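Working notes, beginning with the structure itself.
The values are calculated or read from the model by the stated rules, or taken from the named source; none is laboratory data. Remember, predicted model here, so these are calculated numbers, not experimental data. Methodologically, a virtual Cβ is constructed for each residue, glycine included, from the backbone with ideal geometry; neighbour enumeration extends over all protein chains shown.
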Amino acid sequence: MWLRNTFILLVAITAISISACAESPKQKEQEKKLSNLETELSNIQNILSQLTKNQTEEQSKIYEIMGEIAVIKTKIAQITAKQSSLETPISPTEPGRKVDIIIGRLKRDEVSSAEAARQIDSVGKIAVPYLWELLLRAKSTKDLDLSNKLEETISRLPSENIKTFMIEALKDEQLRVSAARIIGNVRDNVLSKELEPYINDNDSYFRFIVGDALTKCKNKAGIPILIDALKNDKEVYNIIAFDILSKVTKNNFGYKIFAPTKENQKAIELWEEWWKGAKETFKIE
């Protein structure tokens with residue numbers, strides 16, 4: 001509609017301009033009409049410009065709302081996935097259903113990890129595979145709270161019941177950190193030997209967890225890993241490593257936990273020299 005009116009005004013302006021040139025006596029009157037029409041045309045153009053601007057702003061708002069809707073949908077999907085990790089039975093068998101119920105209560109804080117472990121232990125060794133499946137699901141959906149609760153629960157089960165699954169879990173990228181932590185929590189020296197093949201793993205975080213777990217199990221194979229962690233002042237590894245080392249060895253060699261690695265270089269060298277001489281006879285008490 002606005003475009004049609006604009007076109008009519010342009011035609012009128014052109015006609016008046018021609019007429020003004022042809023009829024000199026009426027030139028002033030025609031010039032006045034021409035000026036009025038030009039003013040009206042300018043107003044229409046301003047209105048069109050404003051409409052275009054408003055349309056652009058409205059489109060921008062629509063895109064913004066669409067983006068917010070997409071974010072909300074993603075969050076809903078994540079929440080649904082977490083809920084389904086427990087709502088969907090891991091097995092139609094009776095042990096599987098029992099484990100589902102117990103872990104559901106654990107997730108809702110209706111029972112403690114200790115009580116959940118006691119109830120699961122009463123189900124028998126057959127319950128353990130279901131726990132690992134639940135732990136894998138919790139990690140897949142990034143449910144950190146449930147992952148931690150499952151680790152605590154599994155840690156309270158008899159080590160002979162979980163050994164086979166620990167060995168397999170250490171080979172799984174998603175489960176191996178949890179498996180190492182659980183072994184450390186169990187504090188079983190014999191079971192800790194399953195960690196020894198991983199003391200030179202390329203993943204510094206996993207390697208540190210292995211060193212921590214070995215030391216908790218009084219396995220001295222973890223000592224050199226913790227000494228190496230003293231060199232890492234960009235993470236909390238060095239602080240935790242020093243705390244463990246100073247307790248189990250009763251030494252500190254002048255290491256300062258909040259000093260940069262450069263300042264602690266001499267202390268680290270002393271730790272390394274100490275280990276070379278002590279590794280054959282040292283025992284963690």
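A few notes on this one:
- Selection of the stretch 230-242 for residues being over 14 Å from Ile268 (Cα atoms) and surrounded by fewer than 16 Cβ atoms within 10 Å (Cβ to Cβ) yields Lys234, Glu235, Val236.
- Boolean, Ser159 is closer than 24 Å to Leu195 by Cβ and of a type in the set (S, T, N, Q): yes
- Of all the listed residues (Leu226, Leu230, Leu135), the sole one being in contact with an Asp or Glu (Cβ under 8 Å, 6 or more places away or on another chain), at negative phi and modelled with pLDDT under 95 is Leu135.
- Residue within the stretch 273-281 that is farther than 14 Å from Ala180 by Cα and either of a type in the set (A, V, I, L, M) or under 35 Å from the mean Cα position of the chain (by Cα) (or both) present: yes
- Sole exception among (1) over 20 Å from Lys125 (Cα atoms); (2) surrounded by 21 or more Cβ atoms within 10 Å (Cβ to Cβ) for Pro197, by number: (2)
- Condition met for Ile126 (out of contact with any Asp or Glu (no Cβ under 9 Å at 6 or more places or on another chain), among the hydrophobic types (A, V, I, L, M, F, W, C), within 21 Å of Leu191 (Cα to Cα) and modelled with pLDDT under 90): yes
- Within the stretch 156-163, one or more residues are in contact (Cβ under 8 Å) with a residue 40 or more places away in the chain, out of contact with any strand residue (DSSP E or B) (no Cβ under 6 Å at 6 or more places or on another chain) and within 20 Å of Lys218 (Cβ to Cβ).
- All positions within the stretch 273-285 that are under 22 Å from Lys216 (Cβ atoms) and assigned to a helix (DSSP H, G or I): Trp274, Trp275, Ala278
- Against the test of being surrounded by fewer than 19 Cβ atoms within 10 Å (Cβ to Cβ), among the small types (Gly, Ala, Ser) and at pLDDT 95 or above, the options Ala213, Ala259, Ala179, Ala221 yield a single qualifying residue, Ala221.
- Looking only at the stretch 130-170, and only at residues there that are aliphatic (A, V, I, L, M) and more than 22 Å from Glu115 (Cβ to Cβ), the one that is surrounded by the fewest Cβ atoms within 10 Å (Cβ to Cβ): Ile167
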